[in-house]
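Worksheet for the structure shown next.
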Amino acid sequence: MSKWSEAQKWEQDWHGLSLNTFGEEEKQLLYADRMGLQTFHNGKSPYNFDLGGVSVVDVGGGPASLLLKCTNYEYGVVIDPMHMPRWVLARYDDAPDLCYWKMCGEELFSLHDDYWTEAWIYNCLQHTENPQLVIAGAQRVADIVRVFEWIDVPTSVGHIHTLTENKLNEWLGGEGKVEQFTGQAGCKGRGYYGVFPTS
């Protein structure tokens, strides 16, 4: 079994049936803020994002993509290689103008007819087989790439790459911001984030 296959099994086991995703969703609110997305209160929840009519591909969005909290987008696609429970797939199927594609981020580079205004990558690249290729694919299919990733984390069974500020700056062709988190929204460690135009 390859390291990536082993990491995917670890990730699948970690998510299980994805019944309680609150912890991940709480972290996502921090990621979204650092990626430049602004929340608004719709009378039911303060955790909504108005996307102003853009289209989005969420790379590695998993069972609780940020797109599920978004309004006013042209269309959205969540891509992830993980097998999703039936109820998660139904949730994506029922969401307006949103779909789930079971595929790896690296496959973005081979798409020919699909294009989005934005590509989002958050807490994803440590799990991929080739993080540089995932970024290159996102740059190929979108006008801007919004990123939040954890850096300087030692490798493990489920996280097969150690990302660094220098590597991400090189791959993204720009300079991201780095921040030390000490427990905000359950997040600890060094986070790298930014919004990167692709042209």
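Some observations on this one:
- In the range 116-131, the residues that are over 12 Å from the mean Cα position of the chain (by Cα) and either surrounded by fewer than 16 Cβ atoms within 10 Å (Cβ to Cβ) or among the aromatic types (Phe, Trp, Tyr) (or both): Trp116
- Any chance Leu108 is of a type in the set (A, V, I, L, M), in a helix (DSSP H, G or I) and more than 21 Å from Trp14 (Cα to Cα): yes
- No other residue among Gly173, Gly194 is farther than 22 Å from Leu66 by Cα, touching a helix residue (DSSP H, G or I) at 6+ places or on another chain (Cβ under 9 Å) and of a type outside the set (A, V, I, L, M, F, W, C) apart from Gly173.
- Beta carbons closer than 6 Å, at least 6 apart along the sequence or on distinct chains, pair a first residue in the range 134-156 that is in contact (Cβ under 8 Å) with a residue 12 or more places away in the chain with a second that is surrounded by fewer than 15 Cβ atoms within 10 Å (Cβ to Cβ) and assigned to a strand (DSSP E or B) for Ile144/Pro197; Trp150/Gly189.
- Among the residues of the range 143-184, just one is among the aliphatic types (A, V, I, L, M) and loosely packed, with under 14 Cβ neighbours inside 10 Å, namely Val157.
Quick grid of which residues meet (1) out of contact with any Cys (no Cβ under 6 Å at 6 or more places or on another chain); (2) among the polar types (S, T, N, Q); (3) outside any loop (DSSP other than H, G, I, E, B):
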residue: Gly158; (1), (2), (3): yes, no, no
residue: Leu163; (1), (2), (3): yes, no, no
residue: Asn166; (1), (2), (3): yes, yes, yes
residue: Asn169; (1), (2), (3): yes, yes, yes
residue: Glu175; (1), (2), (3): yes, no, no
residue: Val178; (1), (2), (3): yes, no, yes
residue: Tyr192; (1), (2), (3): yes, no, yes
residue: Phe196; (1), (2), (3): yes, no, yes
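- Residue match in the range 94-115 (condition: of a type outside the set (S, T, N, Q), surrounded by 15 or more Cβ atoms within 10 Å (Cβ to Cβ) and in contact (Cβ under 8 Å) with a residue 60 or more places away in the chain): no
- The numbered conditions (1) touching a Phe, Trp or Tyr at 6+ places or on another chain (Cβ under 8 Å); (2) of a type outside the set (Val, Ile, Thr); (3) loosely packed, with under 14 Cβ neighbours inside 10 Å are all true for Ser55 except (3).
- Gly53 more than 30 Å from Thr162 (Cβ to Cβ) and out of contact with any Cys (no Cβ under 9 Å at 6 or more places or on another chain): yes
- Scanning the range 113-132 for residues that are closer than 22 Å to Ala64 by Cα, in contact with a helix residue (DSSP H, G or I) (Cβ under 6 Å, 6 or more places away or on another chain) and in a loop (DSSP other than H, G, I, E, B) returns Thr128, Glu129.
- The set of residues in the range 1-50 being of a type in the set (Lys, Arg) and without any contact (Cβ under 8 Å) to a residue 24 or more places away in the chain consists of Lys9, Lys44.
No lab work stands behind these numbers, since they all come straight from the coordinates. The structure displayed is predicted, hence computed values, not measured ones. Positions of Cβ are backbone-derived with ideal geometry, glycine not excepted, and every protein chain shown enters the neighbour counts.
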